[in-house]
Amino acid sequence: MNGPAPLAARIAELIAVQGPISVAQYMTLALHDAQSGYYATRDPLGADFITAPEISQMFGEMLGLWCVQVWEDQGRPQNLRLVELGPGRGTLMADMLRAMKQAPDMKVDVVMVEASPVLQAIQRRTLRDSGASIVWKTHFDEELADRPLLLVANEFFDALPIRQYAKTQRGWCERMVVEKDSALSFALAPSALPPSAIPPERAAAPDGGIYETSPASTALAEEIARIVAVKGGGALILDYGYSGPGGFGETLQAVKANAFADVLADPGSHDLSAHVDFAAMAEAGRRGGAIVHGPRGQGEFLVRLGLARRAEQLMKANPAKAKSIYAALERLIHPAQMGTLFKALAFLPPPAGPAPGF
Ligand code: SAH
């Protein structure tokens, strides 16, 4: 057979040379390896999982109105940059830009931050006729620090790498990926972390308890908050996750075809994600100097922005589609569906003022 060896074999080779790798490094390879990484090679939306913007246009419309409101509240700043992190198929941006036409004086330059060439190509197609000025970047960096920033990220942070630590008799040890009997498996690092490296609220964990942390997420959140605090604008982060200290279990999960899969089996073939630690993200926002609002359940957040009214309007205009519009509304806001597990968190510049939806 020609072509690259399966990603699992290449990761095993890397481990043979380098030694055990962290869960974070494993996630990065499984999701972004240029030849076989999950996001690098496919469009997962619909086939493996579905997201709020793909459920209904109303989601993006509400986020577009959020941006307009923030812009109005701050005295209509010029020179705005509108950034989306991990824009999937571009659906959310298309719906936001359409809703933002209600404010014709609001001019934005759009930046799409997308690592996957496959998804970038789909986004270009989706936004071809949007009339907006749009550029693409593979990652967020300091080039985006010089102007007021409006930023949205839906189901982006759950895809960023996490590290895991397990409580053992000898202390908190990092969970690593090793090769054993020609398969990838988990093993704990032999030496423990200094106890000060673990947050105090974790101390009560039972043996076997897991602490997850995403330094990539909190570092990025802090950088975004700093730009918003200094230059103005606002950031809106939506994702699934927990807002308290969480439990002591792990949340890393693999998903393929809308079902759970084995995290270590056949890397690159399934999505990997973990619950977002909203308390840690909020803390990062404050460290960056922003005023932090939320987390608030996605259902409440969207209803406060006018989602129910918008659904009614759409149902009246398209009676034949009323049932599916209502079903989408329910899916986005019902507590048993995406209404409470999914949460919204906003960073706004000081001084503290109104925050639409919170
Ligand atoms: N926001 C979209 C897609 C969510 S899926 C929606 O709601 O439908 C996650 C998205 O983040 C994908 O577009 C994926 O390619 C992108 N992504 C994941 N990790 C990334 C990273 N480290 N840098 C840039 N983009 C990333």
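The values are calculated or read from the model by the stated rules, or taken from the named source; none is laboratory data. All figures in this text were calculated on a predicted structure; none of them were measured in a lab. Counting neighbours? That spans all protein chains shown, and the Cβs are built from the backbone with ideal geometry, glycine included. For the accessible areas, the whole protein counts, side chains as well, though only heavy atoms, and no ligand, DNA or RNA atoms are used. Shrake-Rupley method; radii C 1.70, N 1.55, O 1.52, S 1.80 Å.
Mind checking which residues of the range 325-344 are in contact (Cβ under 8 Å) with a residue 40 or more places away in the chain and outside any loop (DSSP other than H, G, I, E, B)?
Selection gives ILE325, ALA328, LEU329, ARG331, LEU332, PHE342, LYS343, ALA344.
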In the set PHE301, PHE358, PHE347, which member is touching a residue at least 24 places away in the same chain (Cβ under 8 Å), open to solvent by less than 60 Å² (accessible area, probe 1.4 Å) and part of a loop (DSSP other than H, G, I, E, B)?
-> PHE358
Considering the range 61-73 alone, what residues qualify as being among the β-branched types (Val, Ile, Thr) and open to solvent by less than 10 Å² (accessible area, probe 1.4 Å)?
-> VAL70
Contact list, first residue from the range 264-293 and closer than 20 Å to VAL23 by Cβ, second anywhere and among the aromatic types (Phe, Trp, Tyr), beta-carbon distance below 6 Å, six or more apart or interchain, is GLY268/TYR38; ASP271/TYR38; HIS275/TYR242; VAL276/PHE157
Would you be able to tell me the number of residues in the range 73-94 that are within 11 Å of the ligand (Cβ to nearest atom) and either small (Gly, Ala, Ser) or not in a strand (DSSP E or B) (or both)?
-> 8
Using the structure shown, decide if ARG76 is within 16 Å of the chain's Cα centre (by Cα) and surrounded by fewer than 21 Cβ atoms within 10 Å (Cβ to Cβ).
-> no
Quickly run through the range 305-324 and pick out the residues that are over 22 Å from the mean Cα position of the chain (by Cα) and either open to solvent by less than 50 Å² (accessible area, probe 1.4 Å) or touching a residue at least 40 places away in the same chain (Cβ under 8 Å) (or both).
-> GLY306, ALA308, ARG310, ALA311, LEU314, MET315, ALA322
Looking only at the range 28-60, count how many residues are in a helix (DSSP H, G or I), touching a helix residue (DSSP H, G or I) at 6+ places or on another chain (Cβ under 8 Å) and either open to solvent by 10 Å² or more (accessible area, probe 1.4 Å) or within 10 Å of the ligand (Cβ to nearest atom) (or both).
-> 14
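Looking at the range 124-142, which of the residues that are part of a loop (DSSP other than H, G, I, E, B) and open to solvent by less than 50 Å² (accessible area, probe 1.4 Å) is farthest from ARG89 (Cα to Cα)?
ASP141
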Does the range 116-123 contain at least one residue that is part of a loop (DSSP other than H, G, I, E, B), of a type in the set (Ser, Thr, Tyr), within 15 Å of the ligand (Cβ to nearest atom) and touching a Phe, Trp or Tyr at 6+ places or on another chain (Cβ under 7 Å)?
-> yes
With respect to TRP172, determine if the residue is within 16 Å of the ligand (Cβ to nearest atom), among the aromatic types (Phe, Trp, Tyr), open to solvent by less than 60 Å² (accessible area, probe 1.4 Å) and outside any helix (DSSP H, G or I).
-> no
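Conditions tested, residue by residue: (1) within 10 Å of the ligand (Cβ to nearest atom); (2) in contact (Cβ under 8 Å) with a residue 24 or more places away in the chain; (3) in contact with a helix residue (DSSP H, G or I) (Cβ under 7 Å, 6 or more places away or on another chain); (4) of a type in the set (S, T, N, Q).
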residue	(1), (2), (3), (4)
VAL113	yes, yes, no, no
ASP146	no, yes, no, no
LEU149	no, yes, yes, no
ILE162	no, yes, yes, no
Please specify each residue of the range 255-298 satisfying the condition of being in contact with an Asp or Glu (Cβ under 6 Å, 6 or more places away or on another chain), assigned to a strand (DSSP E or B) and of a type in the set (Lys, Arg).
-> LYS256
Output yes when any residue across the range 272-287 is among the acidic types (Asp, Glu) and exposed (fewer than 15 other Cβ atoms within 10 Å of the Cβ), and no when none is.
-> no
Do the conditions hold for GLU179, that is, is it assigned to a helix (DSSP H, G or I) and open to solvent by 50 Å² or more (accessible area, probe 1.4 Å)?
-> no
